[in-house]
Amino acid sequence: TLYQGSISLASPMLYALGFIALFTIGGVTGLFLGTLSVDIHLHDTYFVVAHFHYVMVGGTVFGFLGGLHYWWPKMTGKMYDENWARVAWLLVFTGFNVTFFSQFVLGSQGMPRRYYDYLPRFHNLHMTSSGGAYILGVGFLVMAVMFIKSLRSGEKASENPWGSAGYEWLTTTPPHPHNFHEQPVITRGPYDYHLCTELELFEGHHKDFVASEAE
């Protein structure tokens, strides 16, 4: 669905793409652990730790963060700084891979998990993994500050900052307690972007939803 599409690499899309990449790595590395001849060497090593985090963090946390960034304007009525959101994504994505890809290598070299000490030959990769964890932590800190600043002094979000054709964006921002005061009028399907000539779709930071009929 991305091929030849008009894709805007806003922060929600970056987290969605990150989810696909990391969860794929987590799934593929699970094949090694499910193969007896390989798992006998990798069992209870850092390879298992890395695989677990690529599945759970790459698969769950990145998906959650993508949804959080996407729905934040609708939930709060405030926009966050898109530039800082991309910086936070870069730090989180880079820090995560530096942290846990190093552990794939450690596990393949025989480093067992749940050990508080290790042989000198594992030192460099342990330091690399620790450095990645610091980068990951800074990324989450930047994200937290960005969201807090958005709540306090963020720019007011428009009704449909992403230019979506989905029905949920027809309500106010933030929504009323019961979403709609009256039943909305539906004139197209939620995926009929080829019919949405009246939409000025999201581009760059965030553009307001504009209906050509109102012009």
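Here, each number is a calculation from the coordinates, and none is a lab measurement. Note that the coordinates shown come from a computational prediction; the quantities given were computed from them, not determined experimentally. Reconstructed Cβ throughout: ideal geometry from the backbone, glycine too, with neighbour counts over all protein chains shown.
Relative contact order, whole percent, for the chain stands at 23, derived from Cα pairs under 8 Å and 6 or more residues apart. Directionally averaged projected area (the chain, Cα convex hull): 15.6 nm². Seen against the Cα atoms of the chain and their longest principal axis, helix 62-76 is set at about 30 degrees. Length gain on complete extension for the stretch S153 to M127, per 0.36 nm per residue less the alpha carbon to alpha carbon distance? Between S153 and M127, full extension yields an extra 5.5 nm. Equivalent-ellipsoid semi-axes for region 1-75 (Cα gyration tensor, √(5λ), whole Å, largest first): 32, 14, 7. The simple spin-label model puts a point 7 Å past each Cα toward its Cβ; for H176 and Y118 those points are separated by 5.8 nm.
Using the alpha-carbon atoms, what tilt in degrees (0 to 90, nearest 10) does helix 11-33 show relative to the longest principal axis of the chain? With rounding to tens, the tilt is 30 degrees. Of the trypsin sites (Lys or Arg not before Pro) in region 1-89, not one is in a loop by DSSP (not H, G, I, E or B) with at most 16 other beta carbons within 10 Å.
The angle between the Cα long axis of helix 46-56 and the main principal axis of the chain comes to about 10°, on a 0 to 90 degree scale. If R0 equals 25 Å, the separation of the Cβ atoms of F140 and Q109 corresponds to a calculated FRET efficiency of about 0.30. Stretching the chain fully between Q183 and T35 yields a gain of 47.8 nm (0.36 nm per residue, less the alpha carbon separation).
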